[in-house]
Amino acid sequence: MSELTGAIVSSLFLGTALGLMSLAFTIIYTVSQVFNFAVGQFMILAALLTTAVRFTGSPAANDVIAIALVAAMGSATYLVALRWPETHGAKPLTLVIITFGIGIIVEQAAILAWGSYPLSEAPVVSGHFLLDGNFVPYQGLLLIGAAAVTVGGLGAAQRHTVVGKQLLALGSNRVTARYFGINDLALVSIAWGLSFAVLAIAGTLYLPLTGVSITTDLNYGIGAFAAAVIGGLGNPGGALVGGLIVAFATNLMGVYINPNITDVLTFGLLFVFLIFRPGGLTGNAVDLLGPRA
C-alpha cells in the first residue's frame, strides 16, 4: 500500500505539471491553430533561469522573475519567428516545424549555458509531511494549488472577459475578427506570452521536486502533447484532466509492470485518442494541416 500511495502522489504532481503544459498548448492552439512543440524546452528553461537569478535571495522572487522572462520570450517568439510567415500564407504545419526549430535552439543554448547535468532548484516552500510512509513535499501542494488557480482563472477569463472572448473570436475566424476591429497582432502576442507564463509556472514549481535537466525536455513535451489531445483542445479544465490521465497511466504502469514501456504507453494513449476520439474528452479535433481563417 505504501508503494501505491507513493505512485499516486508522484502521479498527481507529474499530472499537474503536464496539465499546465497541456494548457499552454491549448492557449496557443485556440488562437493560432498551431501547436508549439517547444513547450518542454521553455518549461525547463524557466527552472534553469531561477538558478541564474539567485541573487535575489528569495526562491519566490526567483520564480516570479523567471516566469516574467519566459513570458516575454513567448511574445518575442511569436513576433520574431512566427508573425511574418503566418501573415504571408504559411501553413500550420510550417509554423509547427518552426517551433521545433526554436525548441532545438533553446535546448542547445541551455546546454552551453548550464550543461546537460541535472541541477537543483530551490523550492518556494520547503518541508514535507508523511503519508503512509511516503514523503509528500509542501512544494507539490503549492504546485497543485497554483494549477487550480491558473486553470480556473483562465477558464473564467475565457468566458467572462473582453480579452478572453476576443481571443476565442480570433481562433474561430481571424479575418472576421480583424474586420470587427480586434487587434490580432497585440492579442496573439499576449496569448503566446500567457502560454509561456503557464509553462514557466509548471517548470518553476514542479522541477524542484525532480531536479532540472534540459535533456528531459522531450519526455515532458511528448507527455504534454498527449495530455492536450486527450483532454481536448480549447478547454482549460480538460487540459489538466488530460495531464492527470497520462501521468497516472504511465506512472502506475512503470511501478507495477515495466518502467521501460512508459513512453510506449504515452504514444499508445495518444494514437488511440487521435484515431478513435480526435476531439479528446472535451475539445476540438486535432488538425495540423487544415486551413486557417
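Points worth noting:
- The calculated FRET efficiency for Leu130 paired with Ile275, based on their beta-carbon distance and R0 = 45 Å, is about 0.55.
- Pair Thr51, Thr215: separation of 7 Å Cα→Cβ label points (nm): 1.3
- Between Leu45, Gly164, Gly234, the Cα set farthest toward the positive side of the dipole of the chain (charges on each charged residue's Cβ, about the Cα centre) is that of Gly164.
- Amide proton proximity set for Leu233, modelled H, under 5 Å, gap of 5+: Gly283, Asn284
- Helix-only mean residue ellipticity at 222 nm for the chain, each DSSP H run of n ≥ 4 adding -39500 (n - 2.57), per residue, nearest 500: -23500 deg cm²/dmol
- Computed from Cα atoms, the angle from the helix 262-276 axis to the main principal axis of the chain rounds to 30 degrees.
- When only alpha carbons are used to place a centre, the stretch 236-287 and the stretch 100-147 end up 22 Å from one another.
- Two-site label geometry, Ser2 and Val96: point separation in nm, points 7 Å out along Cα→Cβ: 4.6
- Dipole magnitude of the chain, debye to nearest 20 (Cβ charges: Lys/Arg +1, Asp/Glu -1, about Cα centre): 820
- For the stretch 106-193, the gyration tensor built on C-alpha atoms gives an oblate shape. Its axis ratio a/c (a ≥ b ≥ c) is at least 1.5, and a/b is not larger than b/c.
- Split the accessible area of the stretch 116-225 by element, probe 1.4 Å, and carbon with sulfur accounts for 67%.
- Take Met73: with every protein chain present and a 1.4 Å probe, its accessible area is about 70 Å².
- Note, ³J(HN,Hα) from phi for the stretch 208-214, Karplus 6.51, -1.76, 1.60, rounded to Hz, x at Gly and Pro: x, 7, 10, x, 10, 8, 5
- Dipole axis of the chain (+1 Lys, Arg; -1 Asp, Glu on Cβ), positive-most option in Ile261, Val64, Phe135: Val64
- Helix 236-256 axis versus longest C-alpha principal axis of the chain: approximately 40°, rounded to the nearest ten.
- Probing with 1.4 Å while keeping every protein chain in the model, the per residue accessible area of the stretch 143-293 equals 44 Å².
- Accessible heavy-atom area order of Asp132, Asp63, highest first, probe of 1.4 Å: Asp132, Asp63
- Between the amide H of Leu119 and those of Val212, Ser213, distances stay under 5 Å, these residues lying 5 or more places away or on another chain, with hydrogens modeled in the peptide plane.
- Accessible area of Glu107 (1.4 Å probe, protein heavy atoms only, ligands and nucleic acids ignored): about 40 Å².
- Relative contact order, percent, the stretch 6-79 [alpha-carbon distance under 8 Å, six or more residues apart]: 19
- Label separation (Asn173 vs Ile111): 4.7 nm, computed from points 7 Å beyond Cα along the C-beta direction.
- The amide H of His128, built 1.01 Å from its N in the peptide plane, has Tyr138 as neighbours under 5 Å, considering only residues 5 or more places off or on other chains.
- Against the chain, whose longest principal axis comes from its Cα atoms, helix 217-231 is set at around 70 degrees.
- Among Gln108, Gln33, Gln41: highest mean-square fluctuation, GNM of the chain, C-alpha pairs under 10 Å: Gln108
The values are calculated or read from the model by the stated rules, or taken from the named source; none is laboratory data. The structure displayed is predicted, hence computed values, not measured ones. As a convention, Cβ positions derive from the backbone with ideal geometry for all residues, glycine included, and neighbour counts pool all protein chains shown. Side chains included, ligands, DNA and RNA excluded: accessible areas come from the protein's heavy atoms. Shrake-Rupley method; radii C 1.70, N 1.55, O 1.52, S 1.80 Å.
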